[in-house]
1. Only one of (1) assigned to a helix (DSSP H, G or I); (2) open to solvent by less than 50 Å² (accessible area, probe 1.4 Å); (3) at pLDDT 95 or above; (4) not hydroxyl-bearing (S, T, Y) is not met by I111, so which one is it?
2. Kindly check whether there is at least one residue in segment 76-95 that is of a type in the set (D, E, K, R) and open to solvent by less than 10 Å² (accessible area, probe 1.4 Å).
3. What are the pairs with Cβ atoms under 9 angstrom where one residue, in segment 19-30, is more than 16 Å from F90 (Cβ to Cβ) and the other, located anywhere, is surrounded by fewer than 24 Cβ atoms within 10 Å (Cβ to Cβ) and among the basic types (K, R)? Sequence gap at least six, or different chains.
4. What are the residue pairs meeting all of these: first residue in segment 203-231, first residue in contact (Cβ under 8 Å) with a residue 12 or more places away in the chain and within 17 Å of N66 (Cβ to Cβ), second residue of a type in the set (K, R) and not in a loop (DSSP other than H, G, I, E, B), Cβ atoms under 6 Å, and 6 or more apart or on different chains?
5. Are any of the residues in segment 305-327 over 24 Å from A230 (Cα atoms) and open to solvent by 70 Å² or more (accessible area, probe 1.4 Å)?
6. I want to confirm something. Restricting to segment 198-211 and keeping residues that are of a type outside the set (S, T, N, Q) and touching a helix residue (DSSP H, G or I) at 6+ places or on another chain (Cβ under 7 Å), which single residue is modelled with the lowest pLDDT?
7. Here is a check on your reading of the model: is F333 at pLDDT below 95 and surrounded by 13 or more Cβ atoms within 10 Å (Cβ to Cβ)?
8. The conditions are (1) open to solvent by 60 Å² or more (accessible area, probe 1.4 Å); (2) β-branched (V, I, T); (3) under 28 Å from D148 (Cβ atoms), and I255 fails exactly one of them. Which is it?
Amino acid sequence: MIKGPLIVEDPSGKKKKGTIALFNYGGGMRGLIPAHIMAKIEDITGLRMAEMVDIFAGPSTGAILNAALTLRHPDEPSEPKYRARHMVRFYEREGSRIFPPDSFREFRGLIHDFNNRTMKLAQLNSLMRHGHYDPTNLGAALQALYGDARLRNSLRTLIIPTYNIDGENIQIVAEPGERPDAPVHTRNNVTDRGGHAVWMKNIRTGYPENARNMTMDVSLYDAVMASTAAPTYFPCHHFAAHMPGQPHISFLSGIDGCIFDNPCISYLGAIRQHVPSDRTLSMIVLGTGYTNRSIKREEWNRYGALGVVDPVNDLPLINILFNASESALMDAFAAEMGDNLFVFNRSLYDGNAKDLPNTQIDDASPENLRRLRLFVDALLEDEKGKLDDVCHLLVSNRDQREQERQEKNRKARMQRFFTFFSGRDDTVLVEDRPPPGQSG
């Protein structure tokens, strides 16, 4: 097994202990790509991802993976319940139930009919009022996967994003004593309660000190369902949650966290502030295949207003919206991270088309499952050196964590010895236990 302390050199040249964050992209059935990569990492290292990674982040299908891999084992709460290979089997077993192939073809036809002015009003009403797929199939799969676990129970830091669309929760900012006809404030005109990003986080890095008190009280099932509610594929997920510091229950209507399908945004919005200043962050980014392709001017103009969102045209506008922010930020993000950024991803348009996976997120056919596996094999073959570096980094991080745990336990035992004669013993050994009052 690879061994060695994790000492990382930050951009200033100083040697610091490291913290590792894993970002898994969204992408429906293409979540098999990071699942296969992590299964390979676990095979090489002999360790589970939750033993090696400090922070798990990512939307949609990435949230499915992260929540499962940080779920505590019911009989051994300090150990994870699932390995990455279990998640490979999850996608292969549940994919065709979550994404029935007939619905996939029907939806493509509906949008195309709309674009060609042949859709009937009843069809349009059904499309607009209901999700493309029955969410009970996805819900049953996730319920079986997570049971009644809560976000606060995660073994490692877990960050699940969603977007709350409920504009009725927006409240106008008003100072005490102001009348309705008072001038609108020039800044912060509305409170941040609706139509906004929601980072559902359970922070276990210990930074800042009060981070554990900031965890939203929400079931793991609801958090992931909200993050996977992809527009046009599933309806929004309405759920209850107890916000930290609020006396009442809040209700949110979440849609797909793929809006945050961007490691740069997760780094700036939810990860960086939870890494202590005496540690250097390394990020491992596992993609689900790039779907953005070059479009000629003539082709774009020929699409028209609705053709840019037609699945027959591979949803060009949707792909641009998802990829634009990342392309704008990635160079600066990579420069800031330096050698501490490890990205595993490649285009779904490069290579022999007959061997490439479907760019659509809902193709669970046996043929596409085979192509996804071949895609991963080719990716890892090209990135063999990077894979070796990442495995060494991960195992070193696990060894560092174990050394720190042993040192804290040694100090705790010494404290118990010195307090023995005082008749008090309020010292406990350090373990990865659930929060007080919570079972695994």
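1. Just one mismatch for I111, condition (3).
2. Initially, segment 76-95 is screened for residues of a type in the set (D, E, K, R), giving 76, 79, 81, 83, 85, 89, 92-94.
Adding the requirement that they be open to solvent by less than 10 Å² (accessible area, probe 1.4 Å) leaves none.
For segment 76-95, residues of a type in the set (D, E, K, R) and open to solvent by less than 10 Å² (accessible area, probe 1.4 Å): absent.
3. T19/R279
4. Pairs that qualify, where the first residue is in contact (Cβ under 8 Å) with a residue 12 or more places away in the chain and within 17 Å of N66 (Cβ to Cβ) and the partner is of a type in the set (K, R) and not in a loop (DSSP other than H, G, I, E, B), are T215/R152; S219/R150.
5. no
6. Looking at the filtered set, the residue picked out is A211.
7. Numbers: at pLDDT below 95: yes; surrounded by 13 or more Cβ atoms within 10 Å (Cβ to Cβ): yes.
Criteria met by F333.
8. (1)
The values are calculated or read from the model by the stated rules, or taken from the named source; none is laboratory data. Quantities reported herein were computed from a predicted structural model and do not represent experimental measurements. Note that each Cβ is placed from the backbone with ideal geometry, even for glycine, and that neighbours are counted across all protein chains shown. What goes into the accessible areas is simple: the full protein's heavy atoms, side chains included, and nothing from ligands, DNA or RNA. Shrake-Rupley method; radii C 1.70, N 1.55, O 1.52, S 1.80 Å.
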